[in-house]
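As structure tokens, the structure follows; a few thoughts come after it.
The values are calculated or read from the model by the stated rules, or taken from the named source; none is laboratory data. Since we're looking at a predicted model, the values are computed, not measured. Every residue, glycine as well, gets a Cβ built from its backbone with ideal geometry; the counts of neighbours run over all protein chains shown.
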Amino acid sequence: MALVNEHFLKLQSSYLFSDIAKRVNTFKVTHPKEKIIRLGIGDVTQPLAPAVVEAMRGAVEEMGRRETFRGYGPEQGYDFLIEAILKNDYASRGIRLEPSEIFISDGAKSDTGNIGELLRWDNSMAITDPVYPVYVDSNIMCGRSGERGENGQWSNVTYLPCTAENGFIPEPPAHRVDLIYLCYPNNPTGTTLTRAQLKKWVDYALANDTLLIFDAAYEAYIRDADVPHSIYEIRGAKRVAIEIRSYSKTAGFTGLRCGYTVVPKEVTAATLSGERVALNPLWSRRQCTKFNGTSYITQRAAEAIYTPEGKRQVKATIDYYLENARIMREGLKAAGLTVYGGVNAPYLWLRAPGGLSSWRFFDRLLYEAHVVGTPGAGFGPSGEGYLRLTAFGDRDETAEAIRRIRAWMGVY
Ligand code: PLP
């Protein structure tokens with residue numbers, strides 16, 4: 001008899017997107033003529049850049065010819081993409097990394113979810129709250145989160161509340177923890193950290209021997225010079241931080257699947273006897289055993305976003321989403337709503353008016369404005385009372401959604 005990993009049975013409380021889908025479907029059945037606008041799920045709407053499509057065509061042609069066909073590639077990724085990353089994402093910002101410190105993946109979800117495999121189940125951990133649910137869920141699966149308390153919080157997780165009072169930027173924990181997940185620009189609050197603010201986290205990690213998992217999936221949305229794109233812009237971070245990146249929101253790769261993780265050689269964790277072990281070779285070994293690489297065609301597609309025309313095209317799409325964010329932010333604020341985020345980030349964090357709960361606000365917008373958001377409570381306890389809207393929509397639909405929400409507020 002095989003025994004189940006019972007930690008999986010603890011996951012049942014996390015049904016955010018299926019709960020949303022159920023409510024939206026119920027609405028559609030009872031209101032078949034109404035047109036819903038979805039600003040909820042964080043998927044993109046704009047197509048791949050022409051440079052990316054062209055590169056994929058070329059790669060498909062290569063795969064179709066005997067002389068240029070490629071089978072299994074290196075599990076860590078092809079050199080051509082790793083070189084493009086080192087040059088464009090890091091050297092351009094004065095960060096020196098080695099090719100063997102970059103691991104190409106099929107996206108940031110897999111890497112944020114899998115990286116915890118390198119660490120014992122009984123490390124203590126902290127997350128900012130609210131945050132991308134994968135960090136907690138993947139730790140529940142291996143038993144690291146502990147038990148779920150009556151307040152919905154996990155016993156071995158330190159929650160760092162992000163509230164209007166602290167500008168959604170919490171201080172590092174007052175006690176030491178082994179592992180902290182950070183996500184900036186943040187999903188769901190749309191907040192970013194300045195260099196000085198990020199330095200506090202790196203300094204905390206250095207002083208407390210803490211490992212930081214820095215999820216920079218939305219780095220491409222940063223426009224302000226004072227907001228770092230990489231945690232390695234902060235001195236000392238290479239000793240304490242693993243950085244995870246994604247092409248999903250950078251270049252519309254949500255359906256194509258590609259990202260990468262940086263595991264600097266200096267990053268270590270301890271054995272029970274106190275010996276320090278580098279995590280880089282462990283992650284390499286893990287990938288070689290459990291991952292057979294991202295497809296050649298996809299890696300050529302990712303490489304194309306670093307060409308001059310690729311860069312221009314990708315930037316134009318991100319500018320389009322950032323303009324959506326501006327239209328949303330200004331329209332909603334002018335209607336009297338309290339809005340955070342939407343600058344250097346594709347997410348807006350809306351305070352539910354009149355003390356409504358997240359789900360009540362969600363339902364009212366669905367039924368009365370026919371606009372779908374994501375209830376903030378689904379991202380953690382401190383998300384209660386908020387709703388997340390995304391700027392990834394089509395421009396006309398986005399503008400129409402804002403008109404509808406404004407009308408719902410009584411502002412025309
Ligand atoms: N990290 C964060 C913070 C995200 O919001 C998302 C997707 O929404 C991901 C990672 C997943 O990205 P990918 O599509 O590369 O798996």
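Listed conditions (1) buried (at least 17 other Cβ atoms within 10 Å of the Cβ); (2) hydrophobic (A, V, I, L, M, F, W, C); (3) more than 14 Å from the ligand (Cβ to nearest atom) are all met by A164, apart from (1).
Note on segment 253-267: among residues that are away from the ligand (no atom under 16 Å from the Cβ) and crowded, with 17+ Cβ neighbours inside 10 Å, the one that is nearest to P74 (Cα to Cα) is V263. Residue-level check: of (1) within 16 Å of the ligand (Cβ to nearest atom); (2) more than 22 Å from the chain's Cα centre (by Cα); (3) aromatic (F, W, Y), F291 misses just (2). Take the conditions (1) closer than 23 Å to L348 by Cα; (2) over 27 Å from the mean Cα position of the chain (by Cα); P32 misses just one of them, which is (1).
Filtered by the rule that a residue be modelled with pLDDT under 95, under 18 Å from the mean Cα position of the chain (by Cα) and of a type in the set (A, V, I, L, M, F, W, C), segment 134-168 gives V134, V136.
L11 falls short on exactly one of the conditions (1) in a loop (DSSP other than H, G, I, E, B); (2) within 23 Å of the chain's Cα centre (by Cα); (3) not acidic (D, E), and that condition is (1).
Per the listing V227, V240, the residue uniquely surrounded by 21 or more Cβ atoms within 10 Å (Cβ to Cβ), hydrophobic (A, V, I, L, M, F, W, C) and touching an Asp or Glu at 6+ places or on another chain (Cβ under 9 Å) is V240. For the condition without any contact (Cβ under 8 Å) to a residue 40 or more places away in the chain, in a helix (DSSP H, G or I) and either out of contact with any His (no Cβ under 6 Å at 6 or more places or on another chain) or within 30 Å of M409 (Cα to Cα) (or both), E330 qualifies. Selection of segment 108-122 for residues being of a type in the set (D, E, K, R), touching a strand residue (DSSP E or B) at 6+ places or on another chain (Cβ under 9 Å) and in a helix (DSSP H, G or I) yields K109, D111.
Quick check on F17: is it more than 21 Å from R245 (Cα to Cα) and modelled with pLDDT of 95 or more? Spelling it out, it is not the case that F17 is more than 21 Å from R245 (Cα to Cα) and modelled with pLDDT of 95 or more. Among the residues that make up segment 50-58, is at least one of them under 22 Å from A316 (Cα atoms), in contact (Cβ under 8 Å) with a residue 40 or more places away in the chain and either within 16 Å of the ligand (Cβ to nearest atom) or among the polar types (S, T, N, Q) (or both)? Checked against the condition, which is being under 22 Å from A316 (Cα atoms), in contact (Cβ under 8 Å) with a residue 40 or more places away in the chain and either within 16 Å of the ligand (Cβ to nearest atom) or among the polar types (S, T, N, Q) (or both), segment 50-58 yields at least one hit.
Tell me which residues, restricted to segment 123-145, are away from the ligand (no atom under 16 Å from the Cβ), surrounded by 22 or more Cβ atoms within 10 Å (Cβ to Cβ) and part of a loop (DSSP other than H, G, I, E, B). Those that are away from the ligand (no atom under 16 Å from the Cβ), surrounded by 22 or more Cβ atoms within 10 Å (Cβ to Cβ) and part of a loop (DSSP other than H, G, I, E, B): R144, S145.
Does N114 satisfy the criteria of being within 14 Å of the ligand (Cβ to nearest atom) and closer than 30 Å to A302 by Cα?
Working: within 14 Å of the ligand (Cβ to nearest atom): yes; closer than 30 Å to A302 by Cα: yes.
It is true that N114 is within 14 Å of the ligand (Cβ to nearest atom) and closer than 30 Å to A302 by Cα.
Applying a threshold of 9 Å to beta carbon distances and a minimum spacing of six or more residues, or different chains, the list of pairs starting in segment 238-256 at a residue that is on the phi < 0 side of the Ramachandran plot and ending at one that is modelled with pLDDT under 95 reads S248/G42; S248/D43; K249/G42; T254/G42; T254/D43; G255/D43.
Please enumerate the residues belonging to segment 324-349 that are aliphatic (A, V, I, L, M), buried (at least 24 other Cβ atoms within 10 Å of the Cβ) and touching a Leu at 6+ places or on another chain (Cβ under 8 Å). Within segment 324-349, A325, M328, L348 qualify. Would you check if there is a residue in segment 63-75 being part of a helix (DSSP H, G or I) and within 30 Å of A399 (Cα to Cα)? No, segment 63-75 contains no residue that is part of a helix (DSSP H, G or I) and within 30 Å of A399 (Cα to Cα).
Among residues of segment 100-126 that are in contact (Cβ under 8 Å) with a residue 12 or more places away in the chain and under 15 Å from V136 (Cβ atoms), those with a beta-carbon under 7 Å from a residue that is of a type in the set (D, E) and within 9 Å of the ligand (Cβ to nearest atom) at least six positions away or on a different chain give the pairs T112/D215.
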